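I have placed the structure first, in the form of structure tokens, so that the comments after it can refer back to it.
The values are calculated or read from the model by the stated rules, or taken from the named source; none is laboratory data. Everything quoted here is computed from the prediction, not taken from an experiment. Every residue, glycine as well, gets a Cβ built from its backbone with ideal geometry; the counts of neighbours run over all protein chains shown.
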């Protein structure tokens, strides 16, 4: 029987510290091939180098110990890959939330110019739309699915403007509310969830949000402050019009979203 690799030699080959390898041993993530009963020295084999590096990468990604053990104990490569992919998806979602918070804070902490708010009258019109009652946390997924279905339903119909959405105030105040997404087209069809929807005439206070949607709440806040400062009140759901949408270009800096609130003047 060969002596094997000492913990120091194994550390050098894996670029992991001795302290880290001892911690892996104590947590039973990576146990030495053998431990000398007299000296207590740990000995590893060359076959343990890849698992040690896999564990290190997983821990760098903050994979919980229980999941690391599950991944290492799974013999099927496809299942292992899916376990890792699931954690990566959670990390990406957390990264998106962090990016959004950072963008909003930068906006809030940097003195900005007053928003260029415009008042306009929106005429009544009939559009092709999909409506639903949605949990706030599910809005993005619901929107993506609804817009895909909507786009398929209006193929061949003349488009009369950019797509949009209406979001009930309860969606934000209560975490659940009515949502409408629509496309203005000639002769709106009735197909699947898609129905002709009549949008009532409204007086709107509007502002255009430039760029990605991570900090769109800041633009909403500035629009709301403008409405209050001008003795106006909100009367109805939030209106969004996607002048340049993610489906138009992957360049986030090019996105343009018109935000609008139906308003009336306080007496």
Looking at the stretch 106-126, can you tell me whether even one residue there is under 20 Å from the mean Cα position of the chain (by Cα), modelled with pLDDT under 95 and either closer than 30 Å to residue 63 by Cα or surrounded by fewer than 16 Cβ atoms within 10 Å (Cβ to Cβ) (or both)? yes
Taking strands (runs of 3 or more DSSP E) that fall entirely within the stretch 164-267, which contain at least 2 residues that are at pLDDT 85 or above and either under 23 Å from residue 136 (Cβ atoms) or assigned by TED's automatic domain parsing to the domain that holds residue 129 (or both)? 164-167, 176-183, 195-199, 202-210, 238-244, 256-265
May I ask you to say which residue of 164, 211, 236, 221 is within 19 Å of residue 120 (Cβ to Cβ) and surrounded by fewer than 20 Cβ atoms within 10 Å (Cβ to Cβ)? 236
